[in-house]
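See below for the structure under consideration.
The values are calculated or read from the model by the stated rules, or taken from the named source; none is laboratory data. Keep in mind it's a predicted model, so treat the numbers as computed, not measured. Glycine also receives a Cβ, built like all others from the backbone with ideal geometry; neighbour counts cover every protein chain displayed. These accessible areas exclude ligands, DNA and RNA; they are computed on the full protein's heavy atoms, side chains included. Shrake-Rupley method; radii C 1.70, N 1.55, O 1.52, S 1.80 Å.
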Amino acid sequence: MPDYDLVIRNGTVVTAADASVCDVGLKDGTVATLGKGLAAGAREIDATGRLVLPGGIDSHCHIEQRSSAGVVCADDFYSATVSAAFGGTTTVIPFAAQHRGQSLRQVVQEYHEAAGPKAVIDYAFHLIISDPTEQVMGQELPALIRDGYTSFKVYMTYDLLQLNDGQMLDILALARREGAFVMVHAENYDMIKWLTARLLEHGLGAPRYHAVSHARLAEGEATNRAVTLAELLDVPILLVHVSAAEAIEVIRNAQTKGLKIYGETCPQYLFLTADDIARPGVEGAKFCCSPPPRDHAAQEAVWTGLRNGTFQVFSSDHAPYRFDASGKLPKGDRTTFPEIANGVPGIELRLPLLFSEGVGQGRLDLNAFVALTATNHAKLYGLYPKKGTIAVGSDADIAIWDPERETTITAGMLHDNVGYTPYEGRRVRGWPVAVISRGRIVVEDGKLAAARGSGTFLPCALSEAAKPVGAAVPELAFVTGQGTPLV
Ligand code: DUC
Ligand code: ZN
Ligand code: ZN
């Protein structure tokens with residue numbers, strides 16, 4: 001009887017902290033031993049010359065979700081998780097998204113029914129709160145947090161999602177009191193709405209004006225407001241999908257002050273610009289997402305933020321819509337920019353793009369790559385050390401990379417259901433050649449080896465990173481249930 005179910009031999013094993021050439025012995029779905037010259041496994045993989053990395057965690061992706069405008073994502077839990085796995089990701093954290101008038105409990109149940117029979121890798125859920133009713137705030141959210149849904153996203157913009165500052169404070173106070181972590185989409189609603197109306201009045205409805213209406217100052221202002229609201233109650237928050245230098249500066253300054261303010265960015269802010277949105281006709285719709293890709297200087301600011309630790313997590317914000325009337329273009333060629341479904345695909349290419357341009361071009365070292373794509377996601381969302389690292393006792397979620405493999409990206413080689421990629425024709429170097437989830441090989445030699453529904457749900461804890469820094473500010477403790485009003 002072999003000692004291990006699987007032994008990965010002689011690869012360079014990299015974590016967020018270390019790198020060493022050794023073997024990894026897997027047993028019963030976890031990492032059993034790391035060392036040289038391990039005993040035999042029932043299966044062996046020779047990883048000489050390869051990198052053995054923790055499987056990626058994509059903690060911001062939209063799967064089988066209906067947008068507030070009623071458009072359904074092109075990917076269901078099967079195609080999205082298969083696509084993620086082919087790109088080296090072994091855990092996804094999509095959203096269970098509440099629309100106004102809906103019970104959050106009911107929403108969560110529906111997402112489970114969708115994911116359970118289809119996901120091929122493990123998954124958790126964030127909640128999206130668009131309707132913080134008494135029932136939601138008083139009963140549903142506290143109960144859901146106790147059941148392992150410890151993070152939720154709130155929006156400062158979008159007609160049917162936007163919360164005002166008072167509602168934001170209610171949510172932040174609840175997060176502090178009940179032990180949850182808040183993710184914020186920070187853009188100034190009124191600025192965008194006002195600019196949109198002026199542009200349309202002037203007949204400027206082409207996709208390129210999406211980027212004009214979602215001005216970088218709208219992102220900077222809302223980021224500053226979100227940080228200030230969070231500071232008032234001493235509640236950690238994560239600013240998601242950050243694109244503008246103005247927002248990065250706000251986050252950096254808050255961190256320098258010692259606040260637990262975290263930042264996330266995405267491939268579209270490194271590899272696309274507003275020039276892509278300005279492509280002729282409605283072609284630019286393929287690149288419309290919010291906030292939008294900006295300019296070369298903003299891309300450089302995002303790289304700097306990845307290097308200097310302003311950003312902790314690099315996610316895809318995979319929001320897949322087909323380039324037709326079912327998705328991006330409800331009115332075909334006559335679709336104006338506010339009618340274009342918002343979002344770009346990226347669940348499969350997130351890691352290869354960052355590996356190639358980050359590690360390959362010397363902008364990031366391998367440890368930073370692992371931290372930004374796996375370990376920090378697990379640490380922020382309470383999944384560490386079960387997920388996000390290669391250590392004895394951790395789930396055996398591993399991606400074996402060929403760092404030299406050169407690939408020209410085409411939509412046809414991807415496994416999502418989108419039909420196009422914003423990164424068509426780009427060349428990347430480095431690709432995951434075998435992907436293992438809880439000890440099971442899910443992708444090998446370009447073939448899927450995982451069964452539908454073999455992924456499992458992961459309840460999340462509140463992480464250390466997401467706990468408030470100190471006791472509540474004394475005169476405000478009563479709002480978070482930790483004191484009585486001072487008189
Ligand atoms: N913006 C979002 O806020 N969510 C999905 C995609 C997008 O572009
Ligand atoms: Zn968002
Ligand atoms: Zn998103």
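Coordinate range of the alpha-carbon atoms in the range 28-76 per principal axis, descending: 57, 25, 16 Å. Listed values for the range 124-138 are Karplus-derived 3J(HN,Hα) couplings in whole Hz (6.51 cos²θ - 1.76 cosθ + 1.60, θ = phi - 60°), namely 10, 10, 8, 9, 10, 10, 10, 9, x, 6, 4, 4, 5, 6, x, and x replaces Gly and Pro.
So which GluC sites (Glu not before Pro) in the range 90-143 are both in a DSSP loop and have at most 12 other Cβ atoms within 10 Å of their Cβ? The partial results should precede the final answer.
Details: sites: Glu110, Glu113, Glu134, Glu140; in loops: none.
When the GluC sites (Glu not before Pro) of the range 90-143 are filtered for loop state and at most 12 Cβ neighbours within 10 Å, nothing remains.
Separation of the alpha carbons by more than 32 angstrom is noted, of Lys328/Lys386; Lys260/Lys387; Lys27/Lys153; Lys286/Lys467; Lys260/Lys386; Lys118/Lys328, for Lys328/Lys386; Lys27/Lys153; Lys286/Lys467.
Does the range 56-380 come out rounded, prolate or oblate, given a ≥ b ≥ c as the square roots of the eigenvalues of its C-alpha gyration tensor, rounded meaning a/c under 1.5 and, failing that, prolate meaning a/b above b/c? Note, shape of the range 56-380 comes out rounded. With all protein chains in place and ligands, DNA and RNA left out, the 1.4 Å accessible area ranks Asp18, Asp75 as Asp18, Asp75, largest first. Tell me which aspartates and glutamates have Cα within less than 19 Å of Lys36's Cα, excluding those fewer than 8 residues away on the same chain? Excluding near neighbours in sequence, the set is Asp3, Asp5, Asp18, Asp23, Glu44, Asp46. Computed 3J(HN,Hα) for the range 15-24, one whole-Hz value per residue from the Karplus formula 6.51 cos²θ - 1.76 cosθ + 1.60 where θ = phi - 60°, is 10, 5, 10, 9, 8, 7, 7, 6, 9, 10, glycine and proline marked x.
Looking at the range 51-112, which trypsin sites (Lys or Arg not before Pro) are in a loop (DSSP not H, G, I, E or B) and have at most 11 other Cβ atoms within 10 Å? Present the calculation step by step, with values, prior to reporting the outcome.
Working: sites: Arg66, Arg100, Arg105; in loops: Arg100.
Answer by residue number: Arg100.
When the helices of the chain are scored as -39500 (n - 2.57) per DSSP H run of n ≥ 4 and the total is divided over every residue, the value at 222 nm lands at -7500 deg cm²/dmol. Relative contact order of the chain, taken over Cα pairs closer than 8 Å and 6 or more residues apart, is 22 percent.
Pairs of alpha-carbon atoms within less than 8 angstrom and 6+ residues apart define the contacts here; what relative contact order does the range 150-207 have, in percent?
Working: 51 pairs, mean separation 23.0, N = 58.
It rounds to 40 percent for the range 150-207.
Averaging the Cα positions of each part gives two centres, and for the range 382-455 and the range 293-362 these lie 19 Å apart. Per residue, how large is the accessible surface of the range 208-330? Use a 1.4 angstrom probe and give square angstrom. So the range 208-330 comes to 32 Å² accessible per residue, rounded to a whole number. Scoring 321-329, 365-373, 56-64 by mean Cβ neighbours within 10 Å over their residues and listing the highest first yields 56-64, 365-373, 321-329.
Considering only protein heavy atoms and a probe of 1.4 Å, how much of the accessible area of the range 118-181 is carbon and sulfur, as a whole percent? List each step's numbers first, then the result.
On the way: 830 of 1940 Å².
After summing per-atom areas, the C and S share lands at 43 percent.
The accessible-area ordering, largest first, of the residues Ser315, Ser20 stands as Ser20, Ser315, per a 1.4 angstrom probe.
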